[in-house]
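Bear in mind these aren't lab numbers, they're just calculated from the coordinates by the rules spelled out. Please read these numbers as outputs of a predicted model, since none were measured by experiment. Positions of Cβ are backbone-derived with ideal geometry, glycine not excepted, and every protein chain shown enters the neighbour counts.
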């Protein structure tokens, strides 16, 4: 039985398909974060092991919520690895080593990709498909991603990057200095767009 919520069926189908892509992204990121939790090695193993555990716990809830939103629209969410890999904007491959710096760099890029994808598509749900409910839901999902402990890059000296952890609050950044690592890569142009201003706070825990 199809949902009768005052939205045309073709619009519901389009929104469900779009949400399926988001679900695929979230599931791939969840899986890669679990991999980081399981496989991270190094002198900072304990702190990063716990950090990645907290991250995948939040992502697991997001995966469930996106799937339930699709069901609310009267459609069935994709639920196989084959479907996720066909729909996702991310890659399941990990090219780095099993140290925390490599995992953090890769997960940062994935968070960045999801945030930008959500921002680029958020208005279409209400404007193109007349689904204000999903537009509001995606706004909440975006804010959840912004507030999750993610990663912030700040150059400390030529050729070196320090990586502290942060949370996003819309375009205002709350930076939690949970630990720092030395990496040799540059802040991408996409991340510069996502991180539009800086606001430093002290940790509350």
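Mind checking the full-extension length gain between residue 60 and residue 97? Use 0.36 nm per residue of separation minus the Cα-Cα distance, one decimal, nm. Spell out each step's value before the answer.
Details: separation 37, 0.36 × 37 = 13.32 nm, distance 2.43 nm.
Extra length available between residue 60 and residue 97 comes to 10.9 nm.
Work out the FRET efficiency for residue 80 and residue 46 from their Cβ-Cβ distance, taking R0 = 30 Å, and round it to the nearest 0.05. Intermediate values should be presented prior to the final figure.
Numbers: r = 35 Å, r/R0 = 1.16.
The calculated FRET efficiency here is 0.30.
In what sequence do 95, 8 fall when counting other Cβ within 10 Å, fewest first?
On the way: 95 8, 8 11.
The order, fewest Cβ neighbours first, is 95, 8.
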